Every structure is written in C-alpha cells, then in structure tokens.
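Scroll down for the structure; my scribbles are underneath it.
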Amino acid sequence: MPELARLLDDLETYQGRDIEANLASAAAIERAAGECGETILQLRARLVQADMAQRNGDRSGAAQVFLEVHRQARDLASPALLARSHFHLALIYNYLGDHAASLENAISAVEVLDEHASPGLRLMYLNRLANSLGDVGMIDAARERYLQAEQLAIAINDLTRRLLVLNNRAYTEFQAGELAAAATVVERMRVVAAALGREFLIIERDTVASIQLGLGEYAAAEQTLLSVLDSPLWYEVHDLAEATLTLARAQRCLGALDRAQQSLDRSRTLGEERELTGIRVAVMAEQAELYAAAGAFEQAFFEYKRYDAAREQLRSAQQEARAHTRQVMFETAQARNDAERYREQALRDPLTGLRNRRYVDDHLPVAVALAAETRSPLTIAVVDIDHFKRINDTLSHEAGDEVLVAVAQLLRAVQQTVSDTGFVARMGGEEFLVVLPGIGAAQAADRLEELRKVVDVHPWRPVTGDLPVTVSVGATSTQGHDAPAALLAEADRMLYAAKDAGRNRVIVPPSAG
C-alpha cells in the first residue's frame, strides 16, 4: 500500500486545477484501498474527492463527506485522518463565514497531524491556520504561522508553495490594512518568482495590484496587470475576471476612463459568459463609479440602484446556499447523534432507565473475560422483588411500576458505592442483575446485605400502604474460568435458595461464606 499512500500524498497537496483528473485518480485509489481492506486510505481518498467536488461548487455534498469522515476518524482513533478532516472542515466553515469554527478546526488539524506527515502537507496546514488567524484579526499569530510554513517550504526547496504562502500572507496583510507590511512581502514574492524563473501568475498579480492600489500607486497597479491579461499563464477564469476588474479600478483612479471602461467591459463579459454572479455584481458597482468619474451622475445613480438590487439578490442567494450547507451538516451530525441515541435506547429499559437484557448479553461476557485476564474477582447478583404480583394485583400496575423504578434507583445507588465499573440491569419483570467487578462473593455478601436492608427500610407506605416491599438476592463469583451462562445459572440457583429459605435475604455459595 505504500504506492497508494504516496499517490494520495500528492493529491492532498496538489494545487493545480485539473479537477476531473484528480477525481478519477482519487476514485481509483478508493476502490483499490477498499479491495485491500485499507480503510484509512479509502477514507483519505474520499476526502480528496469531496475536496474536488467543493472546488467544483458542490460545497453541501462535500461538507457532508467531511463530517462523516471526521466521525469515522474519531471512531478509528486515526490522528492522520482526523487532521485531514479538520483541515477540510476549516475550509467549509470559512466559506460559511463562521471564522471562529474555521479557526478551531484549523488549530485542531495542525495539533493532531502526524509528526511523520510530509513537510508539504504540514506547510499547507500551517498556511490554512495562518489564513484563519488572519480572518479573525489575529495578525501577529498569522504572521508566525506563515513564517513557519515558509520555513518548511525552504527546507524542502519548494519554491512554488513558498510563493503560495507569501501570496496569502501579502493578501492577509492587505486585508488587515497593513499596507507597508504587505508591500514588504511582495518584494520577497518577487525574489522567489525570479528563482522559479517565471512571472507572477494572475492571482498573484491581482494581490500585488490590490496592494499598489491601496498605496495610491495607480500607474504601477495598471502595469502589474496589463502585461498578463493576454498571456497563456495558468489561471482560472474567475481569477482573470477579478484581475481585469482590479485593472479597471486602477485605470479609473488614474483618470484613464476609456481604458477603464474597456477593462470593465471585458470583466463583465467574462462574468456573463461563465455565470460568475459575484463578478457581475462587483462590475455594476465599478460601473457606477466610472459614470460618476465621467460626470454622468444620473447614469451613476441608476447603475448604483441596479448594483444595490443585484447585491441584495446575491446576498440572499449566498445566504440560501450557506443555509443549505449548514442544514446538510446539521442533518449529518444529527443522523449520527440519532443513531447513537437509538443504540443507547435499545440497551436500556424504558421504565427504570437501567440497562436491559440485551446489554447484559453484550457486556457480561466482556466483564467476565476481563476478570479472567486480570485475575480479579467479579460477582454477579440476581435480585428479585418478593411477592411483586401481589402488589400489582392488590394495588395497581401503576403502583407496581413505581416500586420497580424505586427499587432500580436503590440498587443503582448501592452498586455505585461498591464498584464504579459495574452496572445494574433489569432482566425482565421484577428481576434485576447487579454486576460488581473487582468484588469477590465473600466481600460482596456484606454489601448485598446492605442493599437488601436499604430496600427493606425504604419508606414504601406512600406507594404500597401496608404491603411490604423486600427483595431476595442470589449471588456468585467468578473463579477465573466461568462462562457467563454458568454464572447466571448459579446466581439463579442461589436466588431460589433465598426464596425457599423465607425470602428477604441474601444467599451466596457456601464456599464463599
């Protein structure tokens, strides 16, 4: 499986745009890992596919996968898988605008990432954490993480990722209003790009031009973007549309209104052709600014009204999309919670809240096996309410239920004082089972006698009037090799001996006395 793991390492840190090829590769890896029984690799491949899906716009479907894999990572106690799921959840929460949750997941991703994880993966996680810190205004902490990520890139001589980290840092400084610091980072970006032997990509040039605009360097901003708009440099259409819009702003600020209109028209065309709603709305705002700069104030006013309506419509659509993603995430988490709740309910008696017979069948063998393995004693006691049918027949089933609930509470209280790792279960009707790990039958006899007395002296008159409520108890202890069924049979035999002896008493095997 090392080859599959290596392929996944490459996919997880891939920064290209060939989404379809990555989807196909990740799907093939998931199938191969499944055939080999490599669950962790299978789930990692599923995360890659979901990441490609969210890059393609399906954030709700991706969020559902991220949450489900996150749950399985916890169940499997896999730090590597848990770190990856936290990383992707940080991105989803960032999209949702929940920067606190994004930061929390980004921190967790870095904290639980395997110390043997590749430096390339680690620097991506540190970069995500730095972005999240910047989003919440913790600029000093963000700088520290960016620096750590850059140092990792230097250590592995990865100039491409070093430039990615620097570009993110420059934009974070810009958003924080730290223009001088942003400009300093840009100079470092130039050094790395020169070492790579290439010009800035459009997304990097857009960062640089935005900073130049903020500094009032309008001519420099125009020159930064002019030379790449018709170049074959790698970009997404969205990046080109954004950069062309930034160019239009720079040209407007220069007073070159005709050139600004040409650039804005190009950005508008790209937005309409590729259905980039956000770009189309931003173009309206810039068009209003251009009209105003040309003195066409009436046109500017009407364009701004169009922009305001479109912005509200876009905001509503974004809120709806985010709400849908949140609902999907909620339903995924809720389904998990429901499953756990139903599983828990299936193992409890609905009347008393105690464990039930199904729980005993599942857990008593485990308790017995553990006692044998650790060579420690374990006592089980069968407790039966004396003459319970008389309570039901003379009073009512409601009174009988009250007695069952009260006895259950008394048994549970005593059990917890004797053994905090044990349990009490209702086996059916008026019969209960008390399991006491670490307690031998001789020692348990005294404790079970206390239990019998607690029930006997309980103030029953408000519930049963003159009818007494007592219990008979039969108990036995493991000898290191007993089967659960044999233990239950022996405890039952002791219970019948207690009833034959007159009830309201505790009987243990003679050898334990």
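Here R71 passes the criteria (1) assigned to a helix (DSSP H, G or I); (2) touching a residue at least 40 places away in the same chain (Cβ under 8 Å); (3) open to solvent by less than 60 Å² (accessible area, probe 1.4 Å); (4) out of contact with any Lys or Arg (no Cβ under 6 Å at 6 or more places or on another chain) except the one numbered (4). D393 - would you say it is surrounded by 16 or more Cβ atoms within 10 Å (Cβ to Cβ), out of contact with any Leu (no Cβ under 8 Å at 6 or more places or on another chain) and of a type in the set (D, E)? Against the criterion (surrounded by 16 or more Cβ atoms within 10 Å (Cβ to Cβ), out of contact with any Leu (no Cβ under 8 Å at 6 or more places or on another chain) and of a type in the set (D, E)), D393 does not qualify.
Pick from A101, A130, A62: which is in a helix (DSSP H, G or I), among the aliphatic types (A, V, I, L, M) and at pLDDT 85 or above? Result: A130 is the single residue among A101, A130, A62 that is in a helix (DSSP H, G or I), among the aliphatic types (A, V, I, L, M) and at pLDDT 85 or above.
Residue by residue, here is whether (1) assigned to a strand (DSSP E or B); (2) within 21 Å of L495 (Cβ to Cβ); (3) at pLDDT 90 or above; (4) small (G, A, S) holds:
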| residue | (1), (2), (3), (4) |
| --- | --- |
| A372 | no, no, no, yes |
| I380 | yes, yes, yes, no |
| D384 | yes, yes, yes, no |
| E398 | no, no, no, no |
| A408 | no, yes, yes, yes |
| Q416 | no, no, no, no |
| T421 | no, no, no, no |
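The lone criterion from (1) surrounded by fewer than 23 Cβ atoms within 10 Å (Cβ to Cβ); (2) among the aliphatic types (A, V, I, L, M); (3) within 20 Å of L129 (Cβ to Cβ); (4) modelled with pLDDT of 85 or more left unmet by L89 is number (1).
Within the stretch 8-56, if we keep just the residues that are under 17 Å from A117 (Cα atoms) and modelled with pLDDT under 80, the residue that is surrounded by the fewest Cβ atoms within 10 Å (Cβ to Cβ) turns out to be D10.
Just to verify a result, which residue in the stretch 465-479, among those that are farther than 19 Å from A497 by Cβ and modelled with pLDDT of 90 or more, is surrounded by the most Cβ atoms within 10 Å (Cβ to Cβ)? Only one residue tops the list, namely V469. Within the stretch 457-470, residues that are among the hydroxyl-bearing types (S, T, Y) reach partners that are open to solvent by 60 Å² or more (accessible area, probe 1.4 Å) with beta carbons closer than 9 Å, at six or more positions or on different chains, in the pairs T464/T394; T464/L395; T464/E402; T470/H387; T470/D456; T470/R503; T470/R505.
When the residues of the stretch 435-464 are filtered to those that are open to solvent by 30 Å² or more (accessible area, probe 1.4 Å) and outside any helix (DSSP H, G or I), the one that is farthest from S419 (Cα to Cα) is P459.
Taking the listed residues A100, A117, A77, the one that is surrounded by fewer than 20 Cβ atoms within 10 Å (Cβ to Cβ) and at positive phi is A77, with no other qualifying. Pairing residues of the stretch 437-454 that are farther than 19 Å from L364 by Cβ and in contact (Cβ under 8 Å) with a residue 24 or more places away in the chain with residues that are open to solvent by 40 Å² or more (accessible area, probe 1.4 Å) and assigned to a helix (DSSP H, G or I), at Cβ distances under 8 Å and at least 6 apart in sequence or on separate chains, gives V454/A413. Restricting E111, E144, E150 to residues that are open to solvent by less than 40 Å² (accessible area, probe 1.4 Å), part of a helix (DSSP H, G or I) and of a type in the set (D, E) narrows the list to E150.
The values are calculated or read from the model by the stated rules, or taken from the named source; none is laboratory data. This is a predicted model, so every value here is computed, not measured. As a convention, Cβ positions derive from the backbone with ideal geometry for all residues, glycine included, and neighbour counts pool all protein chains shown. Accessible surface is based on the protein model in full, side chains and every heavy atom, while ligands, DNA and RNA are left aside. Shrake-Rupley method; radii C 1.70, N 1.55, O 1.52, S 1.80 Å.
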